[in-house]
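What follows is a set of notes on a single structure, which appears directly below.
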Amino acid sequence: MTRFAPVAALLGLALLAALPAHAAGRNAVVFIADGLRYDSVTPETAPTMSMIRKKGVDFTNSHSHYPTLTTANASVIATGHYVGDTGNYANTLYAAFPVACKKGEPTVVAFVEDDCVLRAMKAHYGEGYIGQTTLAEAAHAKGYNTVIVGKKGPAAIQWLGALDSKNETLGDPFGLFIDEATNRPANPDGTPTMSTTLGGDIARLFERAGGAPMPPTTVVPNLPQQAYMISGVTQGLIPILKKDGKPFLLVYWSRDPDITQHGATDSKGSLIPGINSVDGRAAIRNADANLKSILDVLERENILGNTDVFVTADHGFSTISHNLPKPDGSMEPQSYDVGFVAQNIASWLGGQKVFDPDNDNKEVSFVADSRPKHGSALIGPSPDAPAAIVAGNGGTDFIYVPDGANKADTAKVIVARLTEQPWIGSIFVSDALMSAHKNEFPGALSMNLIRMEGAGKTPRPDIVIAFRNFVVKGCTFGTLMCAAEMVDNDLATGQGMHGSFSRADTRNFMAAMGPDFKTGFADPSPVSNADITPTLAHLLELTLAGPGELKGRVAHEALKGGSAPAKPMSRTVASAKAPSGFQTVLRLQEADGVPYFDVAGMPGQVVGLEGLAATAKSAVRPKPHPKAKPAD
């Protein structure tokens, strides 16, 4: 790729001739390494991130938000609000309206890592769907140059308005936005991507720097696609940003290591090494190399010293298991195939039919290859009259029970049977059901407790289940690196997934460096993805607005001259026991009144609750969140 550097540099100089100079201000870079575990960052696999952790701020008590899924945490990173406010609870949601973004029948259960689906959700729910002012939007409104680059879906969530960028100049009304679908008008099935196009000099810059008019398709490891992205950013955009002189915000979302940990085949069928494989380590190095390229160019352009850099991961990761461990740690022979949750619920509700929303609502029979493609399902007499809906999300599944006279009874049957299953890790039930039917959902905690209920207007699930997870016997990489989890999807044992409520999935990598951050500081206070935007907005003096009060905090203790939060505390909340003995136990921390969720589930069935015996203690009712305020 470097053979294009002189051409790109000359083009950059030509672009700059007409750009006005501005007084320099603080710059910021937010780098998201998708699916990066805290313990997988070592000097060997990730020397750049290791350097930042050592020389800058090491967030030793970091947290992804549950559900530990990409787009959920993308909305948290973008806004500083928990998912109860953003309405973007997971990667796959029950939209409650037909989303016509793929060939075939429109679906009411939609995968939102897609620009077309994101546009449809925003058009339908307006301010009720990620209605908060994002960091990128606030920076642009204050006069910053903004650049968003990376993975389709979470990149757009950083500012949904940027999907309308013309990508012609730095001065575009929506900044610059380039994801993997940019300049790619159609998906493989022929439907439109609804992403951006590159125009004018920016188009020529990326084609010369990247060697092609559009990003390559995703592969494992994701080297070609990210080489294209980082070439355009480092050989073209950063020099232009420097010459323009305005302060800038760059958000770069690296698809690796997530995509490789999902799709690697070098440990397929085996829990050891699982996602700790050669391909997995190569994916971490790929993300680290992208970050190094950005830092190198910032240093070369003499602007690194004026730039705050915040590195995070949206979530941790675990190795997939479709079996359960025996008491001695060896594995049971039976396999739980994709759609097993829907299959069970259909049986519990009297033998209902199951229809696949990812396959034109065709009925599935659970024989041979007739199963839901991705775990999602419409359960009932017909797809138009479901008694229950499953949205499959890998390590977590959402269950919706449509409103009607039998809603509460149906939910009670489902929850009662869930508490009897060996594959369940934790259960949460909507506060509406819990409040109206006190003591009738033993084994479950309220979704309100984990900030899944707030100002968002998209349909909330009635029941949220995270699957059982465990430490693989014989694995020697460390407890969290050796975690495996049950999943409800079509990936194979030995590949990777996330979404559960284990500490392996909530333990993400977080570090920061720059003129406003302390040096050589290991931060012991709890910090999460919800704190990134409040912290950077504080440093950049940006104004954030939007519905909801479920917010993160400014991580003052990580800033020069800042002090630790007053009286951080830890606590445990437990549900009442179900007749089966099942109980959901939640461990969380609090700092400055902000909650941080470590782990939740049945002791003995979730990584991170080791040594904690189940307790008969009744559920502690959470304090209701403040009423949502309208957008400012």
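The values are calculated or read from the model by the stated rules, or taken from the named source; none is laboratory data. These figures come from a predicted structure and were not determined experimentally. Using ideal geometry, Cβ is built from the backbone for each residue, glycine included, and neighbour counts are taken over all protein chains shown.
For the list (1) over 16 Å from Ser40 (Cα atoms); (2) in contact with a Phe, Trp or Tyr (Cβ under 9 Å, 6 or more places away or on another chain); (3) not aliphatic (A, V, I, L, M); (4) not in a helix (DSSP H, G or I), I need the number of the one condition that Asp314 fails. It is condition (1) that Asp314 fails.
Kindly establish whether Thr134 is hydroxyl-bearing (Ser, Thr, Tyr) and surrounded by fewer than 24 Cβ atoms within 10 Å (Cβ to Cβ). For Thr134, the condition - hydroxyl-bearing (Ser, Thr, Tyr) and surrounded by fewer than 24 Cβ atoms within 10 Å (Cβ to Cβ) - is not met. Scan (1) buried (at least 24 other Cβ atoms within 10 Å of the Cβ); (2) in contact (Cβ under 8 Å) with a residue 60 or more places away in the chain for the single condition Ala388 breaks and write down its number. With respect to (1) buried (at least 24 other Cβ atoms within 10 Å of the Cβ); (2) in contact (Cβ under 8 Å) with a residue 60 or more places away in the chain, Ala388 is out only on (2). Listed by first and then second residue, the pairs linking a residue in the range 215-237 that is in contact (Cβ under 8 Å) with a residue 24 or more places away in the chain and within 13 Å of Leu250 (Cα to Cα) to a residue that is β-branched (Val, Ile, Thr) and assigned to a helix (DSSP H, G or I), with Cβ atoms under 7 Å apart and 6 or more places separating them unless they lie on different chains, are Val233/Ile294; Thr234/Ile294; Thr234/Val297. Considering the conditions (1) in contact with a His (Cβ under 7 Å, 6 or more places away or on another chain); (2) farther than 23 Å from Gln225 by Cβ, Ile130 is excluded by exactly one of them, (1). The one condition from (1) surrounded by fewer than 24 Cβ atoms within 10 Å (Cβ to Cβ); (2) among the small types (Gly, Ala, Ser); (3) part of a helix (DSSP H, G or I) that Gly232 does not meet is (1). Mind checking whether some residue in the range 499-514 is within 17 Å of Asp258 (Cα to Cα), in a loop (DSSP other than H, G, I, E, B) and more than 19 Å from the chain's Cα centre (by Cα)? Looking for residues that are within 17 Å of Asp258 (Cα to Cα), in a loop (DSSP other than H, G, I, E, B) and more than 19 Å from the chain's Cα centre (by Cα), one finds none in the range 499-514, hence no.
Among the residues making up the range 183-223, those that are within 24 Å of Leu298 (Cβ to Cβ) and either of a type in the set (Val, Ile, Thr) or under 23 Å from the mean Cα position of the chain (by Cα) (or both) are Ile202, Pro215, Asn222, Leu223. For the range 256-278, a tally of residues being surrounded by fewer than 19 Cβ atoms within 10 Å (Cβ to Cβ) and charged (D, E, K, R) returns 2.
Looking only at the range 528-581, residues that are at pLDDT 95 or above, outside any loop (DSSP other than H, G, I, E, B) and aliphatic (A, V, I, L, M) come to 10 in all.
Scanning the range 325-369 for residues that are assigned to a loop (DSSP other than H, G, I, E, B), buried (at least 19 other Cβ atoms within 10 Å of the Cβ) and of a type in the set (A, V, I, L, M) yields a total of 1. With the requirement that a residue be without any contact (Cβ under 8 Å) to a residue 40 or more places away in the chain and of a type in the set (Gly, Ala, Ser), what does the range 347-376 give you? The answer is Ser347, Gly350, Gly351, Ser365, Ala368, Ser370. For the range 433-476, a tally of residues being over 20 Å from Arg503 (Cα atoms), in a loop (DSSP other than H, G, I, E, B) and among the β-branched types (Val, Ile, Thr) returns 1. Looking only at the range 560-579, residues that are touching a strand residue (DSSP E or B) at 6+ places or on another chain (Cβ under 7 Å) and closer than 15 Å to Asn439 by Cα come to 2 in all.
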